[in-house]
1. Say we look at the stretch A:121-162 and pick out the residues that are part of a loop (DSSP other than H, G, I, E, B) and within 14 Å of chain B (Cβ to nearest Cβ); which of these is farthest from residue A:258 (Cα to Cα)?
2. Just checking, how many residues over the stretch A:291-317 are under 12 Å from the mean Cα position of the chain (by Cα), of a type in the set (Val, Ile, Thr) and within 14 Å of chain B (Cβ to nearest Cβ)?
3. Would you say residue A:269 is in contact (Cβ under 8 Å) with a residue 12 or more places away in the chain and closer than 30 Å to residue A:170 by Cα?
4. For the stretch A:177-184, indicate whether the set of residues that are crowded, with 18+ Cβ neighbours inside 10 Å, in contact with a Ser or Thr (Cβ under 7 Å, 6 or more places away or on another chain) and under 30 Å from residue A:103 (Cβ atoms) is non-empty.
5. Restricting to the stretch A:1-43, count the residues that are among the basic types (Lys, Arg) and either in contact (Cβ under 8 Å) with a residue 60 or more places away in the chain or under 19 Å from residue A:342 (Cβ atoms) (or both).
6. Within the stretch A:1-32, which residues are under 26 Å from the mean Cα position of the chain (by Cα), loosely packed, with under 14 Cβ neighbours inside 10 Å and among the hydrophobic types (A, V, I, L, M, F, W, C)?
7. Go through (1) among the polar types (S, T, N, Q); (2) outside any helix (DSSP H, G or I); (3) touching a residue at least 60 places away in the same chain (Cβ under 8 Å) for residue A:320 and report which single condition fails.
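The values are calculated or read from the model by the stated rules, or taken from the named source; none is laboratory data. Just so it is clear, the structure is predicted and the values come from calculations on it, not from any experiment. Cβ sites come from the backbone with ideal geometry, for glycine too, and all protein chains shown count toward neighbours.
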Amino acid sequence: MSFIQRYKTMDKTERANYRKEFFINNSLYMFLIAAVVVIQFISPHFLSGPSIVNIISLSAANLPIALGIAGAIILTGTDLSAGRIVGLVACVSASLLQATGYPNKMFPDMPTLPLVLVFVIALAIGALVGLINGFCTAKFNLHPFIVTLSTQLIVYGALLMYLMIGNNNGQSISGLDSSYTGFITGSFLSLGRTPIPNYVWYALIITVIMWFIWNKTAFGKNMFAVGSNPDAANVSGVNVKRVITLVFVLAGIMYGITGFIEAARIGSNSAATGLNYELDAIAACVIGGVSFVGGIGKIRGVIMGVVLLRLIFVGLTFLSIDANMQYIIKGLIILVACAIDMRKYLVRK
Amino acid sequence: MEPKKKNVFASAASRIPIKLLDAVIIVGILAIAVLIPFLSSRGGFTVSFDSSGGSEVETRRLRYGDEIEEPEEPVRENYVFEGWYYDSEGKRKFDFDGAYAEESLTLYAVWSPLAEDVPASAE
C-alpha cells in the first residue's frame, strides 16, 4: 500500500499519533528552517546572491569530509582523526605546490610538481591513515573511538614534525602556485556577478561517486549490513573485517580530497588547519539522519545536514554572534539531533 | 534462529524512556531559540590592532556589516609603518577599502627599520 492509502485507512487516534511522531521527528528541521526565515527577515542580505554562493561554497568544502565520516557512523563508530588528517594532507599538498619564486618556500630547490601527482599523494596519505584506523578497529576489535583518537594525536604530531622540515621551521605555509589555486578556487561559472568556485563542482562529482558506491555496489550494501547487524552479516557470508577496513580507507581518501581542496581554499596552512573539522562533519551527519545506532543513512541526508548546518552558522554570523559563542548553539543542535535519532530507534523497536 | 543483535546501544537504549527524550528535544530546541537572540544582543565582533611594539591602537567592537575604518597610524621609534596585515609575518595585507566586519579579527602592524643615515623624524 502506498503511504496515502495507508493514511486513509488510519483511524482518528492513529492519525493523531502519526502527526505527533512526524512533528517530533522533524522538529529540528522545522525549527532551523524557521530560524533561517527569521534571520532573512532581520538581515535581508542573508539570502542574497553573493551570500548564497558563499553558503554553497562553504557547504561544498565540508561535504567530502562529511561523506567520509558518514561511512564510519553507519558502522556504529566514529572517526575523530578526520580533522587532523585533513590538516596533514593540506599542509603536505601546500608545501609541494608553493610558487617557484616565493621567498619563504619550504623546499626551495623543488620545481612546481604536477597537480595530479600531489593529488595522488594526498589520497595516499589519507588512505594510509584510514587503513591504520580500519585495520586496528577490525583486527583488534577495538572501538573506533579509541583507535581514531590515537591516530588523531599521532597525525597531529606527524604534522608538527613535517612543518619543521625544509626551509619552514614551523611557520604557516602560503604563497601557493597559481595553477593550484586557480584549479581549486578559480571559476568558470557565475551566479549573477559572484563567481562559483571550482571546488563546488568537484564536491558534486565526489557526491555522485559516493552515492554510487553506497547504493549500487556490493561494498555499499555490505557496509549497511555490517552496520545494522554484524553477526547476521557474517553469517550471510560478508567479510566483516574487510568491510570495516575498507570503509575507513574510503573515509581516509575522502579526508585526503578535503585536505587537497582545503589547502588552496584557505591559502595559508598551519598546524591549526583541520582542527575540529570532524565535529562539524559528525554534526551534519547526525542532523541529516545518519543514525548512530548504525546501518542507516542516506547521501541526500548528509547533503541536507551539511547545507542546513552551514546555513544556520552563516545566519548566526549575520546576527553578529561570535564564532566562539556559536559552539554553544552547535552543541545544543547536536544534542537535539542525537535525542531525535535515539527516539526514532526506540519507537522502531 | 536469528542471531541476537549485538549492538552497544541496544541494552542502554531500552532503559531510556521515550518521554525523557521528548523532554530533551523540546528543552533543547527552546534553549536554542532563547540563546540565539540572547547571544545576538550581547554579540559583536572584535577587531583588535596589535601594533607590535608601536603605540597602542584601541580595539574596536563592531556588529556584522559595520565598516572597518582605518585607525590612526601608530608610531614606533626608529621604524617606518608599513601597514596592517592579517599575520604578524607580513604576508597578507589588509585592505580597508570596502572592508566590513564579518568575523573577529586581529590585525598586526608591520614595521621596517628606519635607514641609519636618515634622521629619525620627530613626531
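1. Of the residues in the stretch A:121-162, the ones part of a loop (DSSP other than H, G, I, E, B) are A:140-143.
Then drop every residue that is not within 14 Å of chain B (Cβ to nearest Cβ), which leaves A:141-143.
Details: A:141: 28, A:142: 26, A:143: 25 Å.
Looking at the filtered set, the residue picked out is A:141.
2. Number of matching residues: 0.
3. On the way: in contact (Cβ under 8 Å) with a residue 12 or more places away in the chain: yes; closer than 30 Å to residue A:170 by Cα: yes.
In short, yes.
4. Taking every residue of the stretch A:177-184 in turn, at least one turns out to be crowded, with 18+ Cβ neighbours inside 10 Å, in contact with a Ser or Thr (Cβ under 7 Å, 6 or more places away or on another chain) and under 30 Å from residue A:103 (Cβ atoms).
5. So in the stretch A:1-43, the residues among the basic types (Lys, Arg) come out as A:6, A:8, A:12, A:15, A:19-20.
Now restrict to residues that are either in contact (Cβ under 8 Å) with a residue 60 or more places away in the chain or under 19 Å from residue A:342 (Cβ atoms) (or both): A:20.
Qualifying residue count, the stretch A:1-43: 1.
6. A:30
7. Evaluating residue A:320 over (1) among the polar types (S, T, N, Q); (2) outside any helix (DSSP H, G or I); (3) touching a residue at least 60 places away in the same chain (Cβ under 8 Å) leaves (3) as the failure.
Per-residue answers, yes or no, for (1) at the interface with chain A (Cβ under 8 Å from one of its Cβ atoms); (2) in contact (Cβ under 8 Å) with a residue 60 or more places away in the chain:
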| site | (1), (2) |
| --- | --- |
| B:20 | no, no |
| B:27 | no, no |
| B:36 | yes, no |
| B:49 | no, yes |
| B:63 | yes, no |
| B:83 | no, no |
| B:88 | no, no |
| B:92 | yes, no |
| B:97 | no, no |
